[in-house]
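The values are calculated or read from the model by the stated rules, or taken from the named source; none is laboratory data. Bear in mind the structure is a predicted one, so any value in this text is a computation, not a measurement. When we count neighbours, we look across all protein chains shown, and the Cβ atoms used for this are built from the backbone with ideal geometry, even at glycine. Ligands, DNA and RNA are excluded from the accessible area calculation, which covers all protein heavy atoms including side chains. Shrake-Rupley method; radii C 1.70, N 1.55, O 1.52, S 1.80 Å.
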Amino acid sequence: MPKINGNEIRPGNVLDHNGGLWAAVKVDHVKPGKGGAFAQVELRNLRNGSKLNERFRSADKVERVRLEQKDQQFLFESDGMLTFMDAETYDQVELPAEILGERRPFLQDGMTIQVEYYEAEALSATLPQKVICKVVETEPVVKGQTAANSFKPAVLDNGLKVMVPPFVGQDEDIVVNTETMEYAERA
């Protein structure tokens with residue numbers, strides 16, 4: 001694995017540090033009035049989600065890890081485990097449902113997601129940025145309420161609640177941003 005200097009750490013880099021895999025979330029380069037410059041790095045553990053703040057001087061060497069990204073197609077869920085199929089080799093892989101976190105309701109049958117692997121261990125999964133969902137329940141349109149930029153609550157077919165513009169009605173398909181979990185546009 002390539003070693004990099006402490007001042008070369010960037011947000012998004014994955015590091016092998018203190019016997020664990022850590023993702024750099026935030027990096028601040030600090031040049032104090034007295035002493036040498038250093039990088040103040042906020043790290044998040046990829047296995048258990050714990051956070052750590054660490055200082056790296058430019059002379060410090062850290063190992064940068066490259067994660068392998070694979071496209072996996074969702075097949076089915078059973079007993080809290082999600083079964084995916086590798087798009088190239090057609091091998092089936094079981095991953096815990098917690099790997100998606102709060103974005104789990106957006107996973108749909110046949111959806112292709114991106115899973116990051118370190119050796120044979122799956123560390124994280126990313127859904128497509130935009131997903132089409134159906135509005136199951138929302139308030140009817142009230143005439144004259146469109147003057148201000150107002151939103152109304154709506155329940156989607158996956159059970160989640162999002163705020164939608166007043167013109168969106170029941171049984172309409174909308175596009176939801178999976179990163180912000182907000183309404184994006186009409187489908």
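Using Cα pairs closer than 8 Å and at least 6 residues apart in sequence, work out the relative contact order for the chain, in percent. Mind dumping the intermediate values first?
Values: 392 pairs, mean separation 25.8, N = 187.
Here the relative contact order equals 14 percent.
Can you compute 3J(HN,Hα) from phi for each residue in region 114-127, using the Karplus curve 6.51 cos²θ - 1.76 cosθ + 1.60 with θ = phi - 60°, rounded to whole Hz and x for Gly and Pro?
Values per residue, Gly and Pro as x: 10, 10, 9, 10, 10, 6, 9, 9, 7, 9, 8, 9, 10, 7 Hz.
List the aspartates and glutamates whose alpha-carbon lies under 18 Å from that of LYS130, not counting same-chain residues fewer than 8 positions away?
Candidates past the 8-residue exclusion: ASP71, GLU102, ASP109, ASP157, GLU172, ASP173, GLU179, GLU182, GLU185.
Tally Lys and Arg at +1 and Asp and Glu at -1 over the other residues with C-beta under 14 Å from the C-beta of ASP157: what net charge comes out?
On the way: positive: LYS134, LYS161; negative: ASP109, GLU137, ASP171, GLU172, ASP173.
That sum, taken over residues with Cβ under 14 Å, equals -3.
Using a 1.4 Å probe on the protein heavy atoms, what percent of the accessible area of region 1-84 belongs to carbon and sulfur?
Solvent-exposed carbon and sulfur of region 1-84 make up 44 percent of the total.
May I ask you to rank ARG64, ARG47 by accessible area, largest first, using a 1.4 Å probe over the protein chains only?
Values: ARG64 70, ARG47 120 Å².
Final ranking, largest accessible area leading: ARG47, ARG64.
Would you please classify the overall shape of region 103-187 from the alpha carbon gyration tensor, given that a ≥ b ≥ c denote the square roots of the eigenvalues, rounded means a/c under 1.5, and beyond that prolate means a/b larger than b/c while oblate covers the rest? Could the numbers behind the result be given before it?
Working: a/c = 3.51, a/b = 2.67, b/c = 1.31.
It comes out prolate by the Cα gyration axes.
Give me the net charge for the shell around ALA120: Cβ to Cβ below 15 angstrom, other residues only, Lys and Arg +1, Asp and Glu -1. Intermediate values should be presented prior to the final figure.
Numbers: positive: ARG47, ARG66, LYS70; negative: GLU68, ASP86, ASP91, GLU94, GLU116, GLU119, GLU121.
Net charge around ALA120: -4.
What nm value, rounded to one decimal, do you get for the distance between GLU139 and GLN69 when each label is placed 7 Å out toward the C-beta?
Spacing of the two 7 Å Cα→Cβ label points: 4.1 nm.
Could you tally the net charge around LYS134, taking each other residue with its Cβ under 10 Å from the Cβ of LYS134, Lys/Arg +1 and Asp/Glu -1?
Numbers: positive: none; negative: ASP157, ASP171, GLU172, ASP173.
Computed value for this residue: -4.
Does the chain come out rounded, prolate or oblate, given a ≥ b ≥ c as the square roots of the eigenvalues of its C-alpha gyration tensor, rounded meaning a/c under 1.5 and, failing that, prolate meaning a/b above b/c?
Working: a/c = 3.43, a/b = 1.57, b/c = 2.18.
Note, shape of the chain comes out oblate.
Using the Karplus equation 6.51 cos²θ - 1.76 cosθ + 1.60 (θ = phi - 60°), what ³J(HN,Hα) coupling, rounded to whole Hz, does each residue of region 100-110 give in order, writing x for Gly and Pro?
8, x, 6, 8, 3, x, 6, 5, 10, 4, x
Give the lysines reachable from LYS51 as a straight Cα distance under 21 Å; neighbours fewer than 8 places away on the same chain don't count.
Straight-line reach from LYS51, under 21 Å: LYS26, LYS61.
Please find the FRET efficiency linking ASP157 to THR112, where r is the Cβ-Cβ separation and R0 is fixed at 25 Å, and quote it to the nearest 0.05.
On the way: r = 20 Å, r/R0 = 0.79.
That gives a FRET efficiency of 0.80.
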